[in-house]
Each structure stands twice: as C-alpha cells, then as structure tokens.
Amino acid sequence: MRSGLFARFNRVGAWILLLFLVTPALVAIPVSLTPKRFLSMPGGEYSLRHFTALFSSPEWLSSFFQSAVIGLSTSALATILGTLCAIGLWRVSSKYSEVVRAFLLLPMIIPQIISAMAFYRLWVPLGLLDTYPGMILAHTILAAPLVLITVSASLANFDPKLEQASRNLGASSWVTMWRVILPSIKPGVFAGALFAFILSWDEIVVTLFVSKFNIYTLPRRMWNGIRENTDPTVAAAAVVLIALTLIAFAVFALVSRRNARQSRT
Amino acid sequence: MASPVPTQGNLNIRDLSKKFGDFLAVDKVNLKIEKGEFLTLLGPSGSGKTTLLMMIAGFLDITAGDIDLNGASIANIPAEKRNFGMVFQGYALFPHMTVRENIGYALSVRKRPASEIKARVDEMLDLVQLQDFTDRKPGQLSGGQQQRVALARALSFAPPVLLLDEPLGALDKKLRVEVQDQLKDIHDRIGTTFIYVTHDQEEALSMSDRIVIMRDGRTEQVGTPLELYEKPESRFVASFLGKSNFLEQPDGLYALRPEKIDICAAGTGAGPARLTGTVRSITYFGSMLRVMVDIAGGTEVEVDVDSWRINTPLSKGQKVDLTWSDAASVKLARG
Amino acid sequence: MKTLGRYISPGWFLVAPFLLLVAAFYLGPILNILWLSFTDPVPGVGNYRELYESDALVRIIWTTVRVCIVTTVFSVLLGYVIAYAMVHAHENKRNLMLGFVLVSFWISILVRTFSWLMLLGRNGLVNNAFETIGIISEPIAFMRNELGVLIGMVHYMVPYAVLPLLVNMQTLDMRVMNASRNLGASGTQTFWRIYLPLTTPGLVASTLLVFILSLGFYVTPAVLGGGKVLMVAEYIYVQLLVTLQWGTAAMLAALMLFGVLGLLYVMSRFMKLSTVFGGTAS
C-alpha cells in the first residue's frame, strides 16, 4: 500500500514515543558523574567518585550480593516448578487443566500490593519475615507463573508425535521428558528463567513488606536512596542497573536469534 | 462517482514490468483484453501472474510500462479509485460485518443513500443466491458461501473489470466444479470483463475465452483453450496444459498428446507402426488406461487409451506397435 | 502410583508441587485477608460501612480510579500508535522498535522513577531547559501532584499496552484492508470501518491489562506524588506497616481484588487470557 501522510505522521510519532520510553532513564548517567556531594547535573566537570563510593560501600555491596542470591535461587526454583507445571498441564489438557492454569497465573495478575499483604500476613506467624527463605519463597510464587507462560508457549509449538515416537522407540516417559521434551522447549525454559531472575532482582513492593534489617536487597536500598533524595550513589547504582539490563537484553536477543536460526534449519 | 460506472472495460497492458529489488517478477508483458472477455492468467507459482493482477488492481506500483482502461492510463490512479472489483485469495471478507454489510460496503463508502444500497445488495444476493444468509457473519458460512459473498461484494458497484485471484483455491474439488459453472454463468449474464488468476489448468481450460500462459514473468503463449491445447508453441505450454510426449525429429521437436496414439500388439495393426516398443507399466484409471512404453533408444512414450477400446488385454513386457495420424503431432516453434 | 494413575492423569503429579505451593502460601493468606475484612477489629461489616462514613477513604478511592482511568486512556492511545507503526514497518525497523519497547519494559521501575525525579523536580532538567529557552519564568510543578504521577505511570504502562495490541494486529489479514481499498474506501475510511473494529479485542485486552496493573500500583504514586496524591496501595502500606491496622486495609484489598477479578472476567469474554499474558513474554 502506498504510504500516505497519515502513515508518515504515525511513523514519526511512534519513534518519538519510543524515545520517550527509553531516554528518560538515561538521565541517571550524567547525574551519576557529578563531582558534587548532592544530586545534581555535572556542570562541565565529571567524576567517578560516586561509582567508587558505590563499589566500596559495604552496604551497597551486601545488597548486590543479597539480591543476586535471592534472584538466582528464585530463578532456579521458579524454573523447576514452572516447567514441571507447564509440562503437566500440557499432558493433562482438559477443561480442568485450563481452570488450574488460569488459577496459577493469578499471582502475576493480582496487584502486588495484595500479594505483599498476603505474604506479610502468613510470614509473621511462620517466622519467615526478614529471612532468605521468606524472600525466595515469595518471589518464587510471583515468578513461576512467568515460567509457566514461556514454557507453555514453547510446548504449544512442540509436536506431540515426537513424544509418541520416543515412547514407541522404547523410551520410558521419564527418559522421554529428559531427552525429547526438555531439549525442544529449552528456549521457553531459558526465557522463563531469565524473566524470573529479573522479576526478583527488581521486585520492591513485596520486599518492602517481608524484609526489614537482615535482608536489604538492591531495590530496597535504591528505594531508600530515592526517598531520601540526596545521595548521588543512587544514580551510580541506577547506571549499573541500566548497564546490566542492556547486557541481559543483548544476551537474550542473541540467544533467541540463534535459537530461531537453529529451528529454521 | 458522479456518473454511473462504465460496466464494460477494454484493458490495454503495454510493456508492463515489475521489479522487487533485483528480481524481475513481471517482464515487459503486453496484453489487450477485450470488453466482456473471460481471460485467465495461468502459470506455476512464481510465474508473475498474481503480481500482474496486483498491478492491475493498483496494490503494487508499476516499475515500467503502462495500463490503459478504455484508452486512458490508470497507472497513477490509487487502488480505491480504480473501480475494479476483486475477489481475493481466501476472500478477505470483513469478519466483523454481516453478509449484507459486506456486500453493501462499497456503496456505503461511496456515501450512497441507504435505499439504493439496500436495493443493490438485494440484487446481488439474488445473483449469488444467498438471500437466506443476509445476517450471518462470514465465520458462520461454508467455504462456497463465503466465495459467493466475495463475488457479490466485488460486483456490487458494477465494476468494468473483475479481478479474481485463485478464487476457488480454498474449495474442495467437487465444489470447485460446481462453482466454476456458476462463475461462468454469472460472467455470461453481466458481461463484465473477468481477469482470472489460477494455477489449475482444468479450471483455465473449462472457463476461459482466452488463456495467457505465464512463465518467469513473461507471457509464454496467449490463445483460446483450443488453440493452446491443440497448437502449443513450446515444450513448456505443451507439458503445462495437459500431458505430452516429445519426439525429436530431424526437422525439429514435436509434441504428441498421449490420447492421440493408437496402441496394439506388435504386428496386429492396420498400417505400418510409427514406433515399436515394450510395455513397461499399465495403470488403470477407470475410464482409461495409462500405458508406459519403452522405445528402443531409451525414450519413453505415454499412451492413454479409453478402457472400452482395448479388445485384447495388454500385459507388462509385451511388444507393441504405436501409430498416430499426421495431424496428431505438432511441431513446436520453440524448445 | 500405578493404580492412582488409572484415575488421575499422571500430568497432575507434575502440576502438584506448584499448585500446592500457591494454594498454601498464597491463596490461603489472601482468603484470610478477605476474612479479616469482616472480622477485624470487630466482626461485622463495619469496615465496609466506612465507605459511606469516611470522606477520606472515598477520596482515596476516587483518586485511585481517576488516576488509573487517565493513565489507561493515555497508555493505550500511545501504545496503539506504537503498535500500529510497528506492524506496518519493515522487518528490521520492527525488530529495532520491539527492542526499544522491551528495553523500556525491562529497565527497573526504580531506575525509571529515580530518573523522573531528576527530570521533573523544581530544579529538574525539564524545568531548567524550559527556563533556559525562555518558555517559562517560574518552574512548573510537575511533581508532588497528579501530573507527575500520571507522567510516571503512563511511561511505565505504555509497553504493557503495546504488547497485547501488537499480538492482535499481527494476526490481522492484511488482504482485508486491501479488499476495502479495492472496494473504494479511502485509507481513513478503511481505518475507522475495518481496522479499528478488528483491533477491538486488542484494545479491550490492553485497556483492562493497564487498568488492572495501575490499580495496585505503589512505587510511582508514592515517589512522584510526594504524599500529595494518596492512592489505595499507599494507603494500605501505611495502614499495615505504620499504624498496624488490618481491618480497613483488608477491606480495601478485598474491593481491589474483586474489581480485578471482575475485570478479568470481562476480559476473558473478549480474548483468550493466555494470549494476552503470553504476549508479554515474546
């Protein structure tokens, strides 16, 4: 179709909007390079002092470490639970399984403030408040539905005849799962694991409710910094987070492109 | 649209070409289409027939050449101003509108009064016999019914030319033959020029006034179905339209249709045999038998025989004589 | 195992671990909160009666609904423009645009909120820039009011609005649009009469998704509203962690929960929910 005035207007508008989506976050970069002690734009002079402060502060380093531990554990646990669950629902494939699937997606859809209340309510009597297991368990329940979705999407493209062929060739259902099903849905499992990690790494609302002193994750420390609104170390942390996001995104894009190319040949 | 649309159209296509990057999809096609004609563009996929149709419809820009309608160039008229009806591959019915709304759409976007739209839609519903389905959505119709809605919609604004892009492709074989008759019937009644794209040779032979055989973006041969079948100019036409044997003679290459060969056990024929050979296989098709004959020297000839004409049954490995009349073999102008 | 398998599909054994986890550690406490809304501090519907009696509560709910509606309208509108341009762009450009959407989708909410704080303050970048060009003489109050909350929320929600629309638009048969042009409709007529109606499922999904996510949003209103724009989520936070009162918070949570579930039900009438939420994963 020929491109009319409207189409050209739409294209320009879309690019402006996309810039509106991405560029505001970049303001953290100049702010993090200010040589001053308070949050400000660098007036021509640049300094890395806030990055030095960030990486030599025991509090920030411990937050990085805690977030990494919680994120990786959540990712592992959510990936296992979500993948098993997706395969199970795919196997069952009845009207009950669809109801169960809808139910299991709820933690992702119900507003986080309500999820936070729920975990807080239960974690107090269970003594899980402000502990690693408490954080990991809460994040796993929120993140596994993401894995369920990505793995289910992969399974939707999986030809059930492959499973039958494997069984027909004498493989048990356990062996079939390891050697036929799992390799085929690897992209979905990988994407799910990544999404689960990002969710946990970035999660703040539930964290505010179920952590206190012992557990002080990166989002929580950033939250504090933002509320206090003075220390430029927050800007340095924000820049590090943006860099990590871009790296993760690049890795994800490369891997999924490679997968797409492999599946085409 | 102030004046009534001309209901008939002469199309003149001159040196029309289309390039996609470096790929020449349509290469200097020249074609005169008479008003009221049923013209079929026939060719294998990738031969440029759909590209040619899309340029006529105005969905693709022309790289070089021109298209005239009744003497005036339409190359720069946008698709929505060309007033050419079109039946799309897969029909492209509007899924959120009823049959009546689909058929009335063209007049509605032309801001015609409601009473006129209703009258015209009723007329169209009569034409394609869908009076009982006016309030259904396309999703609730069978393939054949959808096809008829698409036809009625395309004809609703009395276009001078109707373009049909593989309109029967989605139908099963039996229904196809039925719809072919209906299409031909409607064409005869309304006298609109039909330009029909297909890759199905039987469809082309049974419906068209003229057929354009396309290959690699060029017109390979243009003619009536009879001309193309009886007097193919090239090996490609002879083998694409029906089946053909090819015989290398001292003065050139000849095409010979399998059903024009007489076959009999060696030495039992009335005249001298043109070729002798050995039966390699016999396949039974009900009304006819297909006999593959190995000729000395390595060639293979296919012979189709009406089942009822076989007096003594043939068997595999038997020696046979092949004969045919002089008129049966056609000398090809091109290889 | 074998005998049980005769009655229950073996697939359920794989579903069980996560299902039990969600039932025990998630559904359980949520039901408990619903129960609390009728029992704390005293049994009865006292918490719900507050909706009639407390002006403050009504004002908070009204602020929440208003902010959510405005956020949704703008996010879906902007999302539609982006998705439309993406579907109609060439493949390379489309991938680049998708990259932009996904990157903004992935950048931490805290980073983005922090950035808006830097941009929108009295001495923020936007005000400074405007003053330098001379458009304004006094700094505009972008923050500690609804305007700031709306900017931050729309910015966060646009990617969520884009993805369901994109899924919907990509499934459209473009031949239908060609058919409309062929039948004499202009580009504008084709858009209003064919394209827009066919993207209704995407619009509904995207609208409800953004609205639902906005309802329980905490971070952006709390920071950019600066205490001046009190919404339900922040009120719940204060009730629980500062004043330690469960009753009213539980009642508000119950209202929000039923609101969300009701909207999900409406949404499921228009579209398979899995395709909507599956869209965010692509």
Q) Which of (1) surrounded by 15 or more Cβ atoms within 10 Å (Cβ to Cβ); (2) touching a residue at least 12 places away in the same chain (Cβ under 8 Å) does A:Asn214 not meet, given it meets every other one? A) (1)
Q) So which residues in the range A:154-213 are over 14 Å from the mean Cα position of the chain (by Cα) and of a type in the set (Val, Ile, Thr)? A) A:Val175, A:Thr176, A:Val180, A:Ile181, A:Ile185, A:Val205, A:Val206, A:Thr207, A:Val210
Q: Could you list, in sequence order, all residues of the range C:12-37 that are within 26 Å of the chain's Cα centre (by Cα) and touching a residue at least 24 places away in the same chain (Cβ under 8 Å)?
A: C:Ile30, C:Ile33, C:Leu34, C:Ser37
Q.
On the basis of being open to solvent by less than 60 Å² (accessible area, probe 1.4 Å), modelled with pLDDT of 90 or more and closer than 26 Å to B:Ala238 by Cα, does B:Leu24 make the cut?
A. no
Q: Being surrounded by fewer than 23 Cβ atoms within 10 Å (Cβ to Cβ) and out of contact with any Ser or Thr (no Cβ under 9 Å at 6 or more places or on another chain) is the filter; apply it to the range B:28-50 and report the residue that is nearest to B:Ile211 (Cα to Cα).
A: B:Lys32
Q: Pick out, from the range A:167-245, the helices (runs of 4 or more DSSP H) lying fully within it that include 2 or more residues that are among the hydrophobic types (A, V, I, L, M, F, W, C) and more than 9 Å from chain C (Cβ to nearest Cβ).
A: A:173-176, A:186-202, A:205-210
Q.
Here are the criteria: (1) part of a helix (DSSP H, G or I); (2) open to solvent by less than 60 Å² (accessible area, probe 1.4 Å). Tell me which single one C:Tyr52 does not satisfy.
A. (2)
**Q.** Criterion (over 30 Å from C:Arg112 (Cα atoms), out of contact with any Asp or Glu (no Cβ under 8 Å at 6 or more places or on another chain) and not in a helix (DSSP H, G or I)) met by exactly one of C:Leu172, C:Leu230, C:Leu196
**A.** C:Leu172
Q: Test C:Gly28 against the stated conditions and say whether it is among the small types (Gly, Ala, Ser) and either closer than 30 Å to A:Leu148 by Cα or surrounded by 12 or more Cβ atoms within 10 Å (Cβ to Cβ) (or both).
A: yes
**Q.** Scan of the range C:159-182 for residues that are closer than 13 Å to C:Pro201 by Cβ, open to solvent by less than 40 Å² (accessible area, probe 1.4 Å) and within 14 Å of chain B (Cβ to nearest Cβ), ordered by number
**A.** C:Asn168, C:Leu172
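Residues are listed down the side, and each one gets a yes or a no for (1) open to solvent by 10 Å² or more (accessible area, probe 1.4 Å); (2) at pLDDT 90 or above; (3) out of contact with any helix residue (DSSP H, G or I) (no Cβ under 8 Å at 6 or more places or on another chain):
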| position | (1), (2), (3) |
| --- | --- |
| B:Ala152 | no, yes, no |
| B:Ser156 | no, yes, no |
| B:Asp165 | no, yes, no |
| B:Gly169 | yes, no, yes |
| B:Lys173 | yes, no, yes |
| B:Arg176 | yes, no, no |
| B:Lys184 | yes, yes, no |
| B:Ile190 | yes, no, no |
Q: Please name all residue pairs, on different chains or six or more residues apart, with Cβ atoms under 6 Å, provided the first residue is in the range B:169-181 and is closer than 11 Å to B:Gln147 by Cβ and in the same structural domain as B:Gln129 (by TED's automatic domain parsing) and the second residue is hydrophobic (A, V, I, L, M, F, W, C) and assigned to a loop (DSSP other than H, G, I, E, B).
A: B:Arg176/B:Leu168; B:Val179/B:Leu168
(Q) Of everything in the range C:236-268, what is over 14 Å from A:Tyr120 (Cα atoms) and not in a helix (DSSP H, G or I)? Give them in sequence order. (A) C:Thr243
Q. If you take the residues in the range C:140-158 that are open to solvent by 10 Å² or more (accessible area, probe 1.4 Å) and assigned to a helix (DSSP H, G or I), which one is nearest to C:Arg122 (Cα to Cα)?
A. C:Leu147
**Q.** helices (runs of 4 or more DSSP H) wholly inside the range C:82-139 that include at least 2 residues being within 7 Å of chain A (Cβ to nearest Cβ) and not aliphatic (A, V, I, L, M)
**A.** C:91-106, C:109-120
Q: For the range B:278-290, indicate whether the set of residues that are closer than 17 Å to B:Thr312 by Cβ, of a type in the set (Val, Ile, Thr), in contact with a strand residue (DSSP E or B) (Cβ under 9 Å, 6 or more places away or on another chain) and open to solvent by 70 Å² or more (accessible area, probe 1.4 Å) is non-empty.
A: no
Q: Scan the range B:229-240 residue by residue and report those that are within 23 Å of B:Leu16 (Cα to Cα) and either open to solvent by less than 60 Å² (accessible area, probe 1.4 Å) or at pLDDT below 90 (or both).
A: B:Ser234, B:Phe236, B:Val237
Q: Count, please, the residues in the range C:183-208 that happen to be of a type outside the set (Val, Ile, Thr) and either more than 9 Å from every other protein chain (Cβ to nearest Cβ) or open to solvent by less than 10 Å² (accessible area, probe 1.4 Å) (or both).
A: 11
Q. Counting only residues that are within 24 Å of B:Phe236 (Cα to Cα) and hydroxyl-bearing (Ser, Thr, Tyr), which one in the range B:247-301 is modelled with the highest pLDDT?
A. B:Tyr254
Q.
Please verify whether B:Pro78 is open to solvent by less than 60 Å² (accessible area, probe 1.4 Å) and not small (Gly, Ala, Ser), treating the condition exactly as stated.
A. yes
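The values are calculated or read from the model by the stated rules, or taken from the named source; none is laboratory data. Predicted model only: the values in this text are computed from it and were never measured. So basically every Cβ, Gly included, is an ideal-geometry build from the backbone, and we count neighbours across all protein chains shown. Surface areas here come from the heavy atoms of the whole protein model, side chains and all, with no ligands, DNA or RNA. Shrake-Rupley method; radii C 1.70, N 1.55, O 1.52, S 1.80 Å.
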